[in-house]
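The values are calculated or read from the model by the stated rules, or taken from the named source; none is laboratory data. Computed from a predicted structure; not experimentally measured. Every residue, glycine among them, receives a Cβ derived from its backbone with ideal geometry; neighbour counts consider all protein chains shown. Remember, those area values only see protein heavy atoms, side chains included, never the ligands or the DNA or RNA. Shrake-Rupley method; radii C 1.70, N 1.55, O 1.52, S 1.80 Å.
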Amino acid sequence: MKNTKRKSGLISIPLILIVMLIVVTAFVALTYFEMQRYEDGILDVCATQQDSYVQLVIDQINLKENRTDQEIIESILSTLDSSSNRYWTFSKDQTMLYVKDALETNRYQALTANSYYTTDSSMDFISNLELNKVKHERIFLDNKEYIASGALFDYEGEQYRICLLTNTTVLLDNNKFLGSKMELIIIFVVVYSAVFVLPIILAIVNNKNKKKVFSTEADLKNANDVIEVLNERLVKDEIYDNRLNLFNFTAIDKFLEEYKKQAKAFPISFIAFKYGQKETVSNFFGANCILFGKRDIKFYDGKNHLALIMSVKCDNEKAKEIAKKVKADAELLSLETARSRLDLKMIYDRTMRAMGNPEIVSPISSDKPMRPDSRTESRYRSKENKS
């Protein structure tokens with residue numbers, strides 16, 4: 001089946017489905033990877049802006065000296081916007097001084113920083129903070145991902161840690177970003193659907209067109225076969241067309257033997273002529289070419305100037321009409337009709353006696369019919385059409 005498809009030029013639809021599924025899967029994986037990079041880029045931009053915000057708060061703290069921890073918290077940190085998805089943490093050494101708001105601060109006030117930053121990513125971030133240099137990392141707390149920006153700084157001879165944590169979902173679920181992301185996803189879905197469907201449609205259309213071509217080729221082959229058969233029949237009909245052929249008297253016996261077997265051929269009429277000495281075979285039959293039809297078998301004896309017409313399915317009345325219409329210088333010798341195969345031989349013999357029982361000898365083979373001169377026949381046909 002596969003070899004047949006390859007030879008015929010048909011495309012395997014299951015193979016196209018598998019190939020396109022692989023291609024689209026690769027495109028989807030590449031798109032997912034690029035979307036992740038796109039999100040990482042967005043988060044990195046937001047983290048950089050967040051770093052600047054943290055540095056600004058540190059600068060505000062350093063603007064005024066001799067403030068207690070509580071004053072720093074109340075005058076600066078507590079005035080900043082905070083929520084469950086975006087908040088500040090403030091600690092000195094290992095002591096948590098401020099977390100999110102007053103309520104959350106009371107929960108962790110007596111605990112160390114390690115008690116709050118319980119995950120490995122958050123502990124690594126807090127442990128690796130650098131002095132007077134804000135940095136950011138993506139960390140996990142309470143099964144949520146945050147962008148954490150923070151730094152170590154000195155104030156009044158002591159080291160403090162300040163951090164700003166923002167839940168990544170807040171950034172990624174932003175209406176504008178989410179809208180553009182959905183638009184990109186819709187575009188990718190449409191494009192990949194087209195990439196998946198169009199080759200399959202084209203393959204189906206190609207197969208249909210190929211099948212039409214094969215069907216057309218088969219029809220043409222059948223038509224050519226029919227035409228060839230018809231041509232052969234036409235050639236045979238032309239060879240054996242009684243309107244075109246002229247036989248020597250030696251062929252009469254073969255026709256008689258053949259028609260004896262065919263009861264439907266009767267009645268058969270024999271019309272005998274003797275044409276003048278100035279007439280020729282071509283002139284006589286050429287002048288009467290339109291008169292004699294397919295059922296009129298023509299025989300001649302050129303030596304004795306004799307012509308015999310054997311008309312199949314022709315009764316006596318029709319034979320008389322034919323005899324009256326014969327043109328050229330000719331004498332009607334006999335007109336006899338055999339009504340059945342029983343009297344065929346008798347009627348034939350009577351006709352031959354009327355013609356003087358000519359000797360049936362000819363140098364021309366009895367198997368090969370002769371035709372009248374085509375120029376003479378054409379000339380008489382044109383005259384007949386004009387008249």
Name the residues in region 100-126 that are among the β-branched types (Val, Ile, Thr) and surrounded by 13 or more Cβ atoms within 10 Å (Cβ to Cβ), would you? Thr105, Thr112, Thr119, Ile126
Pairing a residue in region 145-171 that is within 16 Å of Phe90 (Cβ to Cβ) with any residue that is open to solvent by 10 Å² or more (accessible area, probe 1.4 Å) and of a type in the set (Asp, Glu), where Cβ atoms lie under 8 Å and the two sit 6 or more apart in sequence or on different chains, gives Ala148/Glu137; Ser149/Asp51; Ala151/Glu130; Leu152/Glu130; Glu156/Glu65; Glu158/Asp93; Gln159/Asp93; Tyr160/Asp154
Region 322-339, subset part of a loop (DSSP other than H, G, I, E, B) and within 19 Å of Gln277 (Cα to Cα), residue least open to solvent (accessible area, probe 1.4 Å): Val326
Would you point out which residue out of Gln60, Gln55, Gln50 is of a type in the set (S, T, N, Q), open to solvent by 70 Å² or more (accessible area, probe 1.4 Å) and either under 20 Å from Asp142 (Cα atoms) or at pLDDT 80 or above (or both)? Gln60
Qualifying residue in region 340-348 (condition: open to solvent by 90 Å² or more (accessible area, probe 1.4 Å) and assigned to a strand (DSSP E or B)): no
Residues to consider are Thr119, Thr169, Thr95, Thr112; find the one that is more than 23 Å from Leu56 (Cβ to Cβ) and modelled with pLDDT under 80. Thr112
Does Phe255 qualify as being open to solvent by less than 50 Å² (accessible area, probe 1.4 Å) and over 60 Å from the mean Cα position of the chain (by Cα)? no
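Taking region 261-300 only, how many residues are assigned to a strand (DSSP E or B) and closer than 26 Å to Arg339 by Cα?
Going through region 261-300, the residues assigned to a strand (DSSP E or B) turn out to be 268-275, 296-300.
Checking the rest, the ones that are also closer than 26 Å to Arg339 by Cα come to 268-274, 296-300.
Of the residues in that region, 12 qualify.
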Matching option when the condition is open to solvent by 40 Å² or more (accessible area, probe 1.4 Å), within 20 Å of Phe255 (Cβ to Cβ) and not aliphatic (A, V, I, L, M), among Lys318, Lys303: Lys318
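Tell me, which helices (runs of 4 or more DSSP H) lie completely within region 86-143 with 3 or more residues that are within 25 Å of Thr48 (Cα to Cα) and without any contact (Cβ under 8 Å) to a residue 24 or more places away in the chain? Can you show your working first?
Numbers: elements: 102-108, 113-116, 120-127.
It comes to 120-127.
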